[in-house]
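Student: Could you have a look at this structure, given as structure tokens, before my questions?
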Amino acid sequence: MSHTMLSHSSFGRRFFSVWFLLKCLVVSAQVQKRVPDLHWYPATATWYGDPEGDGSTGGACGYGSLVDVKPLRARVGAVNPVLFKNGEGCGACYKVRCLDKSICSRRAVTIIVTDECPGCSGGRHFDLSGAAFGHMAVAGEGGPLRNRGELPVLYRRTPCKYRGKNIAFHVNEGSTDYWLSLLVEFEGGDGDVGSMHIKEGGSTEWLPMNHIWGATWCLNGGPIKGPFSVKLTTLSTGKVLSAKDVIPSNWSPKATYTSRLNFFP
């Protein structure tokens, strides 16, 4: 039995097209460099979906079917609005561990933020997949741990590690030469995005993209012509990465283009 407080797998997709266009007119905020915070903090945790399941189908971050396959599979989690940060918390990785030594393992489970739990209010809260929740238990005690429902836990940020994966950019459906929408995938290190810029082929000007929702950013205006270079700045520590000509001139909506780069912890 799931203990989630509110169904959240479809959150963020309502009024999709209209809200995308409106949000694309908002200017992105400037990101300042900070050092990573690796301290442990108190929170609470529940689980949702099947007891041994992977959790979300899609989710508010917009990763879609990626949550059902490795490396995200069984490591996904929804967080309350404080940690979701209006979508800028998408892609961040956390270690979460429970405290009861009679049933909890000493090891923490690593989860990736892929969804929001808007009904999980107050303090900091993690709504984990059944599999991730069970991994906090000592061997053979995953079921009894899930039966306890909401648990006090400790959490901290941890660098995201996607072995063999580089940052990829998925061109969202509906993108045109006048409205380009990109979803960021497999970002290592901080995992989150604080700002994003795009540069047309042959140009020297970086054009600021605007955060829409989840892990999706867009550029409204044009016409613009590829190939496109993309520059990411992380939200947590302000690290910068530029992928030159990662999106080709013959790009198409619903296609994914993988860079040769990633942030490595």
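The values are calculated or read from the model by the stated rules, or taken from the named source; none is laboratory data. Since we're looking at a predicted model, the values are computed, not measured. We place every Cβ from the backbone using ideal geometry, glycine too, and count neighbours over all the protein chains shown. When the accessible area is computed, the model is the full protein with side chains, heavy atoms only, and any ligands, DNA or RNA have been set aside. Shrake-Rupley method; radii C 1.70, N 1.55, O 1.52, S 1.80 Å.
Student: Among the listed pairs 165/244; 70/225; 85/254; 70/239, which have their C-alpha atoms separated by more than 29 angstrom in this model?
Tutor: Checking Cα-Cα distances, 70/225 exceed 29 Å.
Student: Now, a different point. Rounded to a whole number, what % of the accessible area of the stretch 46-202 do carbon and sulfur atoms account for, probe 1.4 Å?
Tutor: In the stretch 46-202, the share of accessible area belonging to carbon and sulfur is 46 percent.
Student: Below 8 Å between Cα atoms, with a sequence gap of 6+, how large is the relative contact order for the stretch 175-265 in percent?
Tutor: 31 percent
Student: Let me ask you something else. For a label point 7 Å from the Cα of residue 239 along Cα→C-beta, name the residues of the stretch 141-175 whose backbone N is under 11 Å from it.
Tutor: Hits in the stretch 141-175 for residue 239 at 11 Å: 159-162.
Student: Extension gain residue 205-residue 139, at 0.36 nm per residue separation less the Cα-Cα distance, in nm?
Tutor: Difference between extended and current length: 18.3 nm.
Student: Find the accessible area per residue for the stretch 183-265; the probe is 1.4 Å, ligands and nucleic acids are left out, and the unit is Å².
Tutor: 41 Å²
Student: Under the rule of at least 5 residues apart or a separate chain, name every residue whose amide H is placed under 5 Å from the amide H of residue 79.
Tutor: Answer set, sorted by chain and number: 115, 116, 117, 127.
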